[in-house]
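In what follows, a single structure is set out as structure tokens and then discussed.
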Amino acid sequence: MIIGSMARPPKPSRVVAKAIEQYKAQELSYKELIKILKQYPDHPIGDLVPDYRRQQQQDIINSGQVPKGAIIANLDKQAPNNSYDCKAYYEDHEFRCEGCSQRFTWTAKEQQRWYESVKGTIYTEIKFCRDCYLNHKSDKKPIQ
Ligand SMILES: [Zn+2]
């Protein structure tokens, strides 16, 4: 990284600016827009992001990809982030604790709480069971 360049966001490319303009004027579909934007992953798209994610979630719901027993996410309650990816729903997730090596389930309900009430980042991966988490707490970051 070059010193002194940190604060400056990448310059929006003309292509991206034009695409966003067309999307807002509804001349471009969401899918076409995403296709263009993905070619410029560094471009900040700010207030457009929630739109994309909402649309993406709708697509996932409509296509019947949501597993039985999953909880549909409330995207507005998730911590703000700049990802194109959408955490559309929560489903029970099995994992092996890195502390005690036992298997646990991170339930959909617990995830909902984590992402929507605690405002955990959508990139969170669970690594420790509750006991190990509490034991490791004085260490460094137990959950990232
Ligand atoms: Zn454990």
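Any read-out appearing in this document is the output of simple, stated calculations on the displayed coordinates, not a laboratory observation. Quantities reported herein were computed from a predicted structural model and do not represent experimental measurements. Counting neighbours? That spans all protein chains shown, and the Cβs are built from the backbone with ideal geometry, glycine included.
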Sparsely packed GluC sites (Glu not before Pro) within the range 61-130, loop by DSSP, other Cβ within 10 Å at most 16: E91, E98, E125
For a label point 7 Å along the Cα-to-beta-carbon line of D92, residues of the range 50-70 with backbone N under 15 Å: 67-70
Volume per residue of the C-alpha convex hull in the range 66-136, rounded to whole Å³: 94
Packing-based exposure ordering (other Cβ within 10 Å, fewest first) of S83, S117: S117, S83
